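Below is one structure, written out as structure tokens; comments come after it.
The values are calculated or read from the model by the stated rules, or taken from the named source; none is laboratory data. The shown structure was predicted, so the numbers you read here are calculated from the model rather than taken from an experiment. Positions of Cβ are generated from backbone atoms using ideal geometry, with glycine treated the same way; all protein chains shown enter the neighbour counts.
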Amino acid sequence: MTRGSALRLLVADDEALARELVRGYVSADPDVDVVGECCDADELAQALIRADADVLLLDVRMPGPSVFEVLARLAAAGAPMPAVIFSTAYDNYAVRAFEMNAVDYLVKPYGADRLAEALRRARARHAPDRAAGLSRVIRDLGPRPDRLLVPDGRRMVPIAMADIVYIKAEDDYSRVFASGRSYLVSRSLKDIEGRLDPQRFVRIHRSVIVHMAHVRDVRPLGGSRFTLSLGDGTRVIVSRARAADLRRLML
């Protein structure tokens with residue numbers, strides 16, 4: 001995109017009304033050109049290749065594969081990637097996570113002025129900055145992230161997956177133990193488990209997931225059960241039901 005040229009906008013949202021609103025918001029702006037629309041992740045993959053967009057206005061939850069899987073696959077293939085503005089109905093907790101890496105985020109419902117502000121931010125970013133930002137989005141929020149965003153007081157901080165020793169369920173929340181600290185995350189253990197690499201993390205009990213790289217030793221407890229000693233000194237029991245999963249990673 002050259003200075004003074006129209007911003008090429010790709011709109012990805014599974015709600016037809018939402019796409020219509022965006023078209024209406026930008027219709028009077030000669031500096032914005034809607035070059036494509038898509039309503040699911042499969043269409044998104046094709047549109048990103050075909051549309052040559054400067055900016056992607058992306059609803060995170062659409063039918064089909066994870067939108068982050070789509071973005072990661074195209075980025076790995078060397079496809080030119082646009083700046084990303086999230087359009088989301090997520091709560092403030094998730095929004096703060098998006099804020100760390102996206103060009104901007106729009107919480108539905110939003111108006112024309114808020115969209116215009118997000119587009120101004122996107123225009124101000126140079127192409128290398130956009131590519132780096134998208135790379136961080138994929139890394140932090142994709143299906144197999146390298147980092148996990150966790151609350152630390154009134155802010156969100158990233159912790160490397162490699163530093164996580166174990167994760168424990170606390171009612172509907174999860175507590176992540178890493179680098180000598182713990183972080184209470186407002187997501188269930190099942191939800192977090194879905195984003196972890198099953199070759200590195202194993203659920204040893206209905207309420208505990210451990211990172212195998214931090215296991216110091218495994219001791220039989222009898223009755224097809226084991227205890228694990230972890231790098232931070234914690235000892236945890238492997239349930240009978242989960243013993244087979246542990247053996248799979250020990251072979």
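Could you list, in sequence order, all residues of region 1-47 that are under 23 Å from the mean Cα position of the chain (by Cα) and closer than 18 Å to Ala124 by Cα?
Leu9, Leu10
Any residue at all in region 105-116 that's in a loop (DSSP other than H, G, I, E, B), modelled with pLDDT of 85 or more and in contact with a Pro (Cβ under 8 Å, 6 or more places away or on another chain)?
No: zero hits.
Say we look at region 148-170 and pick out the residues that are touching a Ser or Thr at 6+ places or on another chain (Cβ under 9 Å) and of a type outside the set (A, V, I, L, M, F, W, C); which of these is surrounded by the fewest Cβ atoms within 10 Å (Cβ to Cβ)?
In this case the residue turns out to be Glu170.
Residues to consider are Glu69, Glu20; find the one that is out of contact with any helix residue (DSSP H, G or I) (no Cβ under 7 Å at 6 or more places or on another chain), surrounded by 13 or more Cβ atoms within 10 Å (Cβ to Cβ) and modelled with pLDDT of 95 or more. Lay out the reasoning, then the answer.
Working: Glu69 fails: modelled with pLDDT of 95 or more.
Matching residue, one of Glu69, Glu20: Glu20.
Can you find, within region 202-227, the residue that is surrounded by the fewest Cβ atoms within 10 Å (Cβ to Cβ) among those that are part of a strand (DSSP E or B), at pLDDT below 95 and in contact with a Lys or Arg (Cβ under 7 Å, 6 or more places away or on another chain)?
Top of the filtered list is Thr227.
For residues that are over 17 Å from Arg203 (Cα atoms) and of a type outside the set (A, V, I, L, M), scanning just region 164-192, find the one that is farthest from the chain's Cα centre (by Cα).
Checking each candidate, the answer is Gly180.
Here is a check on your reading of the model: is Ala53 buried (at least 18 other Cβ atoms within 10 Å of the Cβ), within 25 Å of the chain's Cα centre (by Cα) and either in a helix (DSSP H, G or I) or at pLDDT 95 or above (or both)?
no
Tell me, which residue of region 65-91 that is of a type outside the set (A, V, I, L, M, F, W, C) and within 16 Å of the chain's Cα centre (by Cα) is nearest to Val32 (Cα to Cα)?
Ser87
Under 7 Å by Cβ, and 6 or more places apart or on different chains, what pairs join a residue from region 179-207 that is at negative phi and among the polar types (S, T, N, Q) with one that is part of a loop (DSSP other than H, G, I, E, B) and surrounded by 18 or more Cβ atoms within 10 Å (Cβ to Cβ)?
none
Since Asp31 meets every condition but one in (1) of a type outside the set (Ser, Thr, Tyr); (2) over 14 Å from Pro82 (Cα atoms); (3) in contact with a Phe, Trp or Tyr (Cβ under 7 Å, 6 or more places away or on another chain), which condition does it not meet?
Looking at each condition in turn, Asp31 falls short on (3).
On the basis of being surrounded by 15 or more Cβ atoms within 10 Å (Cβ to Cβ) and modelled with pLDDT of 70 or more, does Ala122 make the cut?
yes
Report yes if Val165 is farther than 14 Å from Asp245 by Cβ and without any contact (Cβ under 8 Å) to a residue 40 or more places away in the chain, otherwise no.
Spelling it out, it is not the case that Val165 is farther than 14 Å from Asp245 by Cβ and without any contact (Cβ under 8 Å) to a residue 40 or more places away in the chain.
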